Amino acid sequence: MEHSADFQEILSSPTAAYDEGLRFFMGKGLLNNALRRVATDLEEHGIDYSVIGAIALNQHGYRRFTEDIDLLLTKEGLETFREELVGLGYRPAFEGSTKKFRTSQENVPIEIIISGEYPGDGLPKPVKFPDPSESSVVIDGVKTITLEKLIELKLASGMTAPDRLKDLADVQELIKAKSLDESFAERLDSSVGDRFLDLWTAIQGSSER
């Protein structure tokens, strides 16, 4: 039976958060309910999107619990979201917020990233957040950023932001989960290909010990 509760209250309790995590990995729970409804609402309003961040990691097979839903939208998509969906199941996370929202029903945080922005330190670089209509794949009914773009963004983020080293660890976990080989580097932007190979090599070295 699904719980009808406040997601933030659940996270404040270690026991309740653990139970929600188990439901999440089973495809149930408040977070998955919110994700499915967000996807439906975006599609019904003609808003191109891709899930990114930890939700995308899970979609591609690396199981990691998360406390929010990260969405990639175009600037026009964000405007439509604010005009047509805020007040209809969604609200700003705080007064004046333009890119952070919460679902009205479960109180699940939603953070929006705009196409064309740069990962990591936010400075211009060869890798940037793509148009969701050009770099997404449907997984379990949810439009998800492609594995190649997800890894590119994670690498570019971890390489340029000292406080984002976990993004490099996420890439290593994806390498393991998807059994990626060194040839995968050829599918990535050249600016991050060598870092992918470094992480891949490190995994091979640890498995041989």
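Nothing in this text is a laboratory measurement; each read-out follows from the coordinates by a stated rule. Predicted, not measured: the structure shown is a model, and the values here were computed from it. Counting neighbours? That spans all protein chains shown, and the Cβs are built from the backbone with ideal geometry, glycine included.
What net charge is computed for the residues neighbouring Ala54, neighbours being all others with C-beta under 12 Å from the C-beta of Ala54, Lys and Arg scored +1, Asp and Glu -1?
-3
For the stretch 7-207, what is the per residue volume of the convex hull drawn over the alpha-carbon atoms, in cubic angstrom?
Once divided by residue count, the hull of the stretch 7-207 is 132 Å³.
How many nm separate the modelled label positions at Ser206 and Thr40, each set 7 Å beyond the Cα in the direction of the Cβ?
4.0 nm
For the residues Lys154, Lys125, what sequence is obtained by ranking on other C-beta atoms within 10 Å, fewest first?
With the fewest neighbours first, Lys154, Lys125 line up as Lys125, Lys154.
Pick from Tyr118, Tyr90, Tyr18: which residue has the top mean-square fluctuation in a GNM of the chain where Cα pairs under 10 Å get a spring?
Largest GNM mean-square fluctuation: Tyr18.
I'd like to know which of Pro109, Thr146, Leu88 lies farthest towards the positive end of the charge dipole of the stretch 85-209, counting +1 on Cβ of Lys and Arg and -1 on Cβ of Asp and Glu.
It is Leu88.
Which percent of Cα pairs goes in each bin when the distances of the stretch 127-186 are cut into 10 angstrom slices starting at zero?
Distribution as computed: 22, 48, 30, 1 percent.
Work out how much length Ile114 to Glu84 would gain on full extension: take 0.36 nm times their residue separation and subtract the Cα-Cα distance, in nm to one decimal.
Full extension of this stretch gives 9.0 nm more.
Taking loop as defined by DSSP and a crowding limit of 13 other beta carbons within 10 Å, which GluC sites (Glu not before Pro) in the stretch 93-159 fit?
The qualifying sites are Glu95, Glu117, Glu134.
Could you calculate the contour length gain from Lys128 to Asp140, that is, 0.36 nm times the residue separation minus the distance between their Cα atoms, to one decimal place in nm?
1.8 nm
Find the centroid of the Cα atoms in the stretch 24-77 and in the stretch 172-209, then give the distance between the two in whole Å.
26 Å
Using only the Cα atoms, work out Rg/Rh for the stretch 1-114, with Rh taken as the Kirkwood radius, to two decimals.
Taking Rg over the Kirkwood Rh, I get 0.95.
Enumerate the lysines that Lys178 could reach by cross-link, defined here as Cα to Cα under 20 Å, with residues fewer than 8 away along the same chain left out.
In chain and number order, the partners are Lys143, Lys149, Lys154, Lys166.
Note down the net charge around Arg102, summing +1 for each Lys or Arg and -1 for each Asp or Glu among other residues with Cβ under 15 Å from its Cβ.
Neighbourhood net charge equals -4.
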